[in-house]
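Here's the structure, in structure tokens; my notes come after.
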Amino acid sequence: MSEALKVEDLSVHYDTREGALQALRDVSITVPEGGIVGVVGESGCGKSTLINALLQLLPENATIPAGRITLQGEDVTRAGTRRLRQMRGQEISVVFQDPMTSLNPVLSIGRQMRDIQYRQQGSRAAKDSRSAAMLGRVGIPDPVGKLAAYPHELSGGMRQRVAIAMAALMRPRVLIADEPTTALDATLEVQIIELLKELQQEIGCAILFISHHLGVIAELCDRVVVMYAGVAVEEGPVADVFLRPGHPYTIKLIECDPGKLKEKVTDLPSIPGSLPDLTDPPAGCIFRPRCDRATEICATPPPRKGLNGAHWAACHHAKVDKA
Amino acid sequence: MSAFRHTLMGRLLADPLAVFAMAIIALLVVSALLADVIAPHDPSAMNLADRFASPSATYWMGTDNLGRDTFSRLLQGGRIALYVALTAVSIAGLIGLILGMLAGFGPRWLDNALLFFFDTLRAYPTIILALALAALMPRGLGTVIIVVVITSFAEYGRVVRTQTLSLKNAEFILAERAMGASFARIVFHHILPNVLGPFFILAAMNLPVVITIEAGMSFLGIGVPPGTPSWGATLKDGFDYIRTTPWILLSGGLPLILATLGFTFLGEALRDQLDPRLRKTR
Ligand SMILES: Nc1ncnc2c1ncn2[C@@H]1O[C@H](COP(=O)(O)OP(=O)(O)O)[C@@H](O)[C@H]1O
Ligand code: SF4
Ligand SMILES: [Mg+2]
């Protein structure tokens with residue numbers, strides 16, 4: 001299987017008054033063609049930074065000191081502005097977290113959906129009927145009538161369906177979903193997940209699914225990457241990572257509340273301590289200040305220890321799976 | 001019919017305040033356009049025998065110190081007032097709109113430079129700036145318009161900048177960029193429709209202010225050339241003869257009050273109707 005999206009040893013720094021803030025450090029993520037990969041991590045671990053880097057829409061104060069991002073084999077960090085604009089939308093598109101703010105409040109749904117088809121051929125009517133068909137596809141009742149509606153006239157769940165319809169209308173090769181269900185209640189969340197799965201089958205795109213809800217990741221994804229303070233600390237098939245976690249951070253996440261995997265929670269379980277200062281991260285293992293298994297050796301950078309097949313954890317003390 | 005109900009005009013017509021406002025504005029506009037036809041007398045004709053005449057069937061609002069018909073003069077003055085207001089507000093608004101969007105969406109240094117510029121201009125009281133410019137430029141409507149433009153575009157710029165800035169980091173703008181939209185596309189398709197609402201409200205609210213500035217400058221003798229009919233000039237005459245013939249002042253104030261009410265109410269109605277979030281659901 002070839003890769004739809006490949007992130008290799010990506011680092012992103014933000015220029016701040018306190019110095020360079022290391023928002024991402026040597027992050028590698030591979031999303032195979034047609035695969036669904038999850039990224040999980042608490043707020044501030046660099047999820048938005050990762051998405052913005054993939055889209056090359058980082059804020060002005062960001063730099064990429066190292067790393068490569070390849071989309072369908074093409075390095076986006078080297079693409080020119082024009083090529084980037086082409087890639088955005090056509091090859092990669094995004095569903096954002098908050099459907100309240102990800103739609104333009106003063107334009108009708110129909111106008112916004114017609115607008116994003118500006119690259120396509122066809123009359124206004126043809127574009128509108130394509131929009132309506134997609135709205136119907138994502139489960140919005142009376143799709144033709146809804147074209148005239150404004151975002152505030154729809155419920156949160158409906159708005160998120162519209163956002164998904166817009167992303168799907170572009171038929172991207174890679175769809176990024178940035179916590180698309182965080183603002184929704186549990187029933188809606190299940191429906192949106194189902195919808196994403198179906199669309200992924202139909203369009204044949206790959207999905208990079210960002211969430212801090214472990215249960216949703218377990219439900220939807222094939223593989224998961226666990227992020228902590230800008231570092232990928234563990235990665236593997238969903239079942240392996242959740243059932244036999246290797247990194248103390250992942251273990252904490254799952255242990256803290258075993259119900260997490262089933263119940264709908266808006267936040268990751270809280271672990272004692274706080275995120276390290278990213279302008280001056282601890283030497284060696286990034287999790288050391290909060291880790292109760294830390295020993296002297298943890299002051300040196302931990303290797304990625306292979307646990308079982310494609311499952312690894314970046315920890316000196318991770319144990320190889322017996323199973 | 002049902003399509004019309006959802007247009008801006010359709011919604012305004014369903015709002016009693018807006019209807020009232022538009023009726024007043026229509027009255028002012030029509031009377032200004034048809035001033036020559038409606039006016040019972042030549043606004044410049046002096047009739048020294050009928051100086052300071054009280055309101056009557058011949059002179060509906062009486063005459064002034066030179067025996068000119070006040071009602072006819074106010075009709076002509078309305079032309080000047082509306083002409084100055086619409087021209088000045090359009091020019092100032094357009095400049096403010098462009099600079100405001102540039103400041104809000106452009107790089108940080110440009111924003112800082114433009115903000116400094118806006119604040120410097122806004123720091124001068126209008127009337128002082130008007131007096132200073134009037135001393136430098138020939139007396140006339142052109143000067144009035146320039147004074148208004150210079151003193152007011154910064155306000156539009158400020159409002160548009162604030163709106164643009166709050167949109168710049170809005171998720172839907174990021175979403176648009178993530179879909180590959182160009183700079184121009186984002187500014188014209190997404191920022192502009194969002195700032196137009198507050199912009200038109202401000203413009204409507206500013207029209208009577210501009211009319212008052214024209215009247216004020218004419219009152220001070222730095223507006224229209226002497227002898228030209230103007231609401232401000234009529235007020236000035238009324239003020240000079242307030243003890244003997246108070247109706248000149250009263251008549252001169254009436255159109256100013258109507259214009260202020262009309263445009264202010266329209267501004268408020270627009271505020272309710274232009275923001276789809278404030279709109280009542282259909
Ligand atoms: N523009 C910026 N300038 C400086 N620091 C930033 C900027 N954006 C994000 N950060 C910092 O980078 C880290 C990662 O942020 P972010 O990617 O938003 O995390 P997440 O989306 O996982 O919550 C945080 O410590 C945050 O404070
Ligand atoms: S390397 Fe050491 S400090 Fe880091 S997670 Fe493993 S045990 Fe904890
Ligand atoms: Mg975030």
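Give me, ordered by chain and number, the residues 5 or more places off A:Val174 or on other chains with an amide H under 5 Å from its own placed amide H. The answer is A:Ile92, A:Ser93, A:Ala206. Listed values for the stretch B:173-179 are Karplus-derived 3J(HN,Hα) couplings in whole Hz (6.51 cos²θ - 1.76 cosθ + 1.60, θ = phi - 60°), namely 6, 4, 4, 4, 5, 5, 8, and x replaces Gly and Pro. Starting from 0 in steps of 10 Å, tell me what percent of the Cα-Cα pairs of the stretch A:64-159 lands in each bin. Pair shares across the bins are 14, 37, 28, 17, 4. A convex hull fitted around the alpha carbon atoms of chain A yields 139 Å³ per residue.
Nearest 0.05, what FRET efficiency do A:Ser28 and A:Asn308 give at R0 = 22 Å with Cβ-Cβ as r? Efficiency computed from Cβ-Cβ geometry: 0.75. Ordered from largest to smallest accessible area (heavy atoms of protein chains, 1.4 Å probe), the residues B:Trp60, B:Trp109, A:Trp312 come out as B:Trp109, B:Trp60, A:Trp312. P(r) for chain B, from all Cα pairs and a bin width of 10 Å, is 6, 24, 28, 22, 13, 6, 2, 0 %, short bins first.
Note on the stretch A:182-236 and the stretch A:100-167: Cα centroid distance 23 Å, given to the nearest whole angstrom.
The Cα trace of the stretch B:149-282 gives Rg and Dmax of 21.2, 72 Å, the first to one decimal, the second as a whole number. Histogrammed with a bin width of 20 Å, the alpha carbon distances of the protein assembly as shown distribute as 17, 37, 25, 15, 5, 0 percent, first bin at zero. Rounded to whole numbers, the Karplus 3J(HN,Hα) couplings from phi for the stretch A:179-191 are 6, x, 10, 4, 8, 10, 7, 4, 4, 5, 4, 4, 5 Hz, using 6.51 cos²θ - 1.76 cosθ + 1.60 with θ = phi - 60°, and x at Gly and Pro. Taken along the Cα-to-beta-carbon direction at a fixed 7 Å, the label points for A:Arg130 and B:Leu136 span 5.5 nm. Every helix of 4 or more DSSP H residues in the protein assembly as shown counts as -39500 (n - 2.57), and over all residues that averages to -15500 deg cm²/dmol at 222 nm. For the stretch B:9-25, backbone phi angles converted through the Karplus equation (6.51, -1.76, 1.60; θ = phi - 60°) give residue-by-residue couplings of 5, x, 6, 5, 5, 8, 10, x, 4, 5, 4, 4, 4, 5, 5, 4, 5 Hz, Gly and Pro being listed as x. Rounded to the nearest 100, the interface formed by chains B and A buries 2400 square angstrom of accessible surface, both chains summed, with a 1.4 Å probe. Rolling a 1.4 Å probe over the protein heavy atoms gives the protein assembly as shown an accessible area of 44 Å² per residue.
The values are calculated or read from the model by the stated rules, or taken from the named source; none is laboratory data. From a predicted model like this one, the values you see are computed outputs, not experimental measurements. Cβ atoms come from the backbone with ideal geometry, glycine included; neighbour counts cover every protein chain shown. Ligands, DNA and RNA are excluded from the accessible area calculation, which covers all protein heavy atoms including side chains. Shrake-Rupley method; radii C 1.70, N 1.55, O 1.52, S 1.80 Å.
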